[in-house]
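Quick notes on the structure that follows.
What follows is calculated from the coordinates using simple rules that are stated; it is not laboratory data. What you are looking at is a predicted structure, and each value in this text was computed from that prediction instead of being measured. A quick note on method: Cβ atoms are made from the backbone with ideal geometry, for glycine too, and the neighbour counts reach across all protein chains shown.
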Amino acid sequence: DAKTTQPTSMDCAEGRAANLPCNHSTISGNEYVYWYRQIHSQGPQYIIHGLKNNETNEMASLIITEDRKSSTLILPHATLRDTAVYYCIVRAINRDDKIIFGKGTRLHILP
Amino acid sequence: SQTIHQWPATLVQPVGSPLSLECTVEGTSNPNLYWYRQAAGRGLQLLFYSVGIGQISSEVPQNLSASRPQDRQFILSSKKLLLSDSGFYLCAWRQGQETQYFGPGTRLLVL
């Protein structure tokens with residue numbers, strides 16, 4: 001089973017920041033938080049990951065709470081092309097560790 | 001840079017026919033390789049993963065099998081397709097502790 005809990009769906013107005021929450025209350029000390037997204041009929045796309053510090057790249061920002069039990073993915077200026085299912089995943093750093101995907105959050109960007 | 005290829009992109013097969021889907025990775029060596037399936041409107045289900053040539057781990061009992069004849073080649077097969085085998089098949093790779101990346105997928109329709 002997936003170790004994360006996400007809302008089933010969310011709406012966000014185009015041009016606004018999209019904030020996608022994720023709960024991972026049973027996360028272990030050696031587990032990273034990863035975010036992927038899947039646009040319809042495409043393979044999942046890696047967005048960002050982090051361990052305990054906040055991270056930012058050209059796509060998004062990742063805010064991880066101090067106790068690491070939850071995180072938020074932020075898309076700073078959402079566009080219609082950001083409409084997708086967003087998956088939050090926790091993953092240990094063992095070589096043969098497998099990624100288990102949950103159901104994700106379906107993000108609708110509204111024009 | 002690394003790239004991952006899957007073919008065919010789409011496939012329509014009759015029930016009872018054999019299946020062979022191929023995945024190849026370029027630009028890396030000794031990657032972990034993964035096969036996922038996504039049924040319509042569902043999440044991603046891990047089917048198989050491989051940490052090396054000839055090493056295959058199956059995650060769920062099913063009508064499919066996987067093989068890894070070369071370091072960067074991963075094949076998904078079936079001797080006799082079932083209707084329930086329809087879905088979107090995704091191959092993914094990961095190098096050591098790095099991020100997992102997905103291919104473009106193969107959409108399979110069994111009639």
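Side notes on the structure shown:
- Karplus-derived 3J(HN,Hα) values for region B:59-67, using 6.51 cos²θ - 1.76 cosθ + 1.60 with θ = phi - 60°, are 8, 9, x, 6, 8, 10, 9, 10, 9 Hz; glycine and proline are entered as x.
- Taking amide H as placed 1.01 Å from N in the peptide plane, the amide H of A:T83 sits under 5 Å from that of A:I109, each at least 5 places away or on another chain.
- About its Cα centre, the dipole of chain B is roughly 240 debye, where the only charges are +1 on Lys and Arg Cβ and -1 on Asp and Glu Cβ.
- Magnitude of the charge dipole for region A:22-90, about its Cα centre and with charges confined to Cβ atoms of Lys, Arg (+1) and Asp, Glu (-1), is about 120 debye.
- Contact order normalised by residue count of chain A, Cα under 8 Å, 6+ apart, percent: 38
- Over chain B, Cα pairs under 8 Å with separation of 6+ residues give a relative contact order of 36 percent.
- Spatially, region A:49-63 and region A:4-36 are offset by 12 Å when compared through their Cα centroids.
- Ranked by the mean number of other Cβ atoms within 10 Å of their residues, highest first, the peptides A:64-72, A:20-28 fall in the order A:20-28, A:64-72.
- Cut-off 9 Å between beta-carbons: net charge of the residues surrounding A:V85, Lys and Arg +1, Asp and Glu -1: +3
- Under 15 Å from the Cα of B:K80 - aspartates and glutamates, other chains or at least 8 residues apart: none
- The residues B:I4, A:I93, A:I100, when put in order of fewest to most other Cβ atoms within 10 Å, stand as A:I93, A:I100, B:I4.
- Mean Cβ count within 10 Å, highest first, over the residues of peptides A:49-57, B:84-92: B:84-92, A:49-57
- Near-label residues of region A:11-51 by backbone N, under 15 Å of a point 7 Å along Cα→Cβ of A:I63: A:17-23
- Whichever lysines have a C-alpha closer than 23 Å to that of A:K69, once near sequence neighbours (fewer than 8 apart) are set aside: A:K3, A:K52, A:K98, A:K103
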